[in-house]
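Working notes, structure below.
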Amino acid sequence: MPASPDETIERARRYATIRYRLLLVDVIGGMAFLWAYQALGGSDATAQWAAARFQSEPLRLFGFLAVFGLASYLVFLPLHFYSGFLLEHQFGLSRLRLGGWAVREAKQALLGGALGLLLMEGWYALLRHAPQAWTVLATVGWVFVSVVIARVFPTWLLPMFYKTEPLADAGLTTRLLALCERAGVPALGVFRVALGVETRKANAALAGVGRTRRVLLSDTLLEQFTPEEIETVLAHELAHQRYRHITKGLALAAAGSWVAFSLIGLAAAVWVPALGLQGLADPAGVPVLLLALSLVGLIGMPVQNGISRRFEWQADRFAVELTRQPVAFAAALRRLAQLNLADPAPPHWIEWLFYDHPAITRRIEAAEAAAV
């Protein structure tokens, strides 16, 4: 027997409460691990181990990051297993068996580890060879990597995790591509993403840049939403391109990154001698460097999320204006909230600090008000 609306809301609140606690544990625990690894001698021991086995500085950093990254992964693996597997099954959101989860986790770990290694090697190369200009160069490099990832995500990265194929429904494809043209954001095509093998959650996205831009619709969305609802969801995503939210967000993030790097550079004048490091480029200082970056990022998170929520409100208004279907948009938001077990009314401090979207209840109310 299907759950009543009140039961669904209660389940969503229980699920969200656990998620909030896990998020706090992850944030606080992550910073505590970095501090402990640095302060209790683990960093020095790992750096000495790497120095005894490798001659070049890039290889020493590689050796350090391999040991440090493995230690971090193993420490937090129980938390990842609970949040990514046990909790999702507890609330009926995941369809993955243990073996499937392990394969996906391995892929994510390998891909994330490889990307993290490249970023850290690039960062430390700048610290070694451009100690006076590294803050600017690191910011430029970060922007470049972000653009590259956005461009290759739909063609290289997404297929590593989910099967994607052109949408077989010619009528819906034509309708959605026409919507893209009306919004002034042409797309290559509409693709179905096999998300349902893993979860009952639904999602849609406009991914890629330029010639790689395409509409991505999860099979769960296609199975449970009407064409009108799907159209309004896509219109919301089109708004982010139409109003250049991604570009604006990237520019703001770049400015924030430069500020963060600059603050780290200033603070390093204190911690480098205090910890007995040979310089900011000393691999033994990786944990404290990441800790400083985490702290600055946490401080800037409310500002970044506040700007993102403004963008989301603008995208919601655009979706209603473009499709002229506020009732369908409200229904789509309500269905997404039910499928994804979104907290209908998160605590204000949680929304202020961690939410990059407005609370779903307020978005639904705004869409319904537009229909009056």
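Side notes on the structure shown:
- Per-residue HN-Hα couplings for the range 45-55 [Karplus 6.51, -1.76, 1.60; θ = phi - 60°; Hz; x = Gly/Pro]: 5, 5, 5, 5, 4, 5, 5, 6, 10, 10, 8
- All alpha carbon pair distances within the chain were sorted into 10 Å bins beginning at 0; the resulting P(r) in whole percents reads 5, 19, 29, 26, 14, 6, 1, 0.
- Extension gain from residue 175 to residue 103, taking 0.36 nm per residue of separation minus the Cα-Cα distance: 22.3 nm
- Counting all C-alpha pairs of the range 199-258, share separated by more than 16 Å (%): 54 percent
- Charge dipole (Cα centre; +1 on Lys/Arg Cβ, -1 on Asp/Glu Cβ; no other charges) of the range 305-372 amounts to roughly 120 debye.
- Residues 349, 271 arranged by fewest to most Cβ contacts within 10 Å: 349, 271
- Using a Förster distance of 22 Å, the FRET efficiency for residue 66-residue 119 (Cβ separation, nearest 0.05): 0.90
- Calculated Rg and Dmax of the range 113-233 using C-alpha coordinates, Å: 18.6, 58
- Net charge over other residues, Cβ less than 14 angstrom from the Cβ of residue 191 (K, R count +1; D, E count -1): 0
- Relative contact order of the chain, defined on C-alpha pairs under 8 angstrom at six or more residues apart (%): 20 percent
- Taking other residues whose beta carbon is less than 10 angstrom from the beta carbon of residue 88, and scoring Lys, Arg as +1 and Asp, Glu as -1, yields +2.
- Residues in the range 265-274 carry Karplus couplings, in order, of x, 5, 5, 4, 4, 8, 7, 4, x, 5 Hz; the curve used is 6.51 cos²θ - 1.76 cosθ + 1.60 with θ = phi - 60°, and Gly or Pro positions show x.
- Average silhouette area of the range 1-48, convex hull of alpha-carbon atoms, in square nanometres: 4.8 nm²
- The slack between residue 24 and residue 11, meaning 0.36 nm per residue of separation minus the straight C-alpha distance, is 2.7 nm.
- Packing rank of 16-28, 117-129, where each peptide gets the mean count of other beta carbons within 10 Å, highest leading: 117-129, 16-28
- FRET E, pair residue 145, residue 313, Förster distance 25 Å, beta-carbon r, rounded to 0.05: 0.30
- Difference of contour (0.36 nm per residue) and Cα-Cα distance, residue 262 to residue 299: 11.9 nm
- Near residue 313, once Lys and Arg are set to +1 and Asp and Glu to -1 for all other residues with Cβ below 10 Å from its Cβ, the sum equals +3.
- Anchor residue 163: aspartates and glutamates whose Cα lies under 20 Å away (excluding residues fewer than 8 positions away in-chain): 105, 198, 219, 223
- Förster radius 30 Å - calculated FRET efficiency between residue 157 and residue 371, Cβ distance, rounded to 0.05: 0.20
- Among 187, 239, 268: highest mean-square fluctuation, GNM of the chain, C-alpha pairs under 10 Å: 268
- 3J(HN,Hα) along the range 313-319, derived from phi through the Karplus expression 6.51 cos²θ - 1.76 cosθ + 1.60 where θ = phi - 60°, amounts to 4, 5, 5, 4, 4, 5, 4 Hz, with x in place of Gly and Pro.
- Going from the residue with the fewest nearby Cβ atoms within 10 Å to the one with the most, 8, 174 rank 174, 8.
Readers should treat all values here as calculations from the given coordinates under stated rules, not as data from a laboratory. Just so you know, these numbers come straight off a predicted model, no measurement behind them. Because the Cβ atoms are built from the backbone with ideal geometry, glycine has one as well, and the counts that use them run over all protein chains shown.
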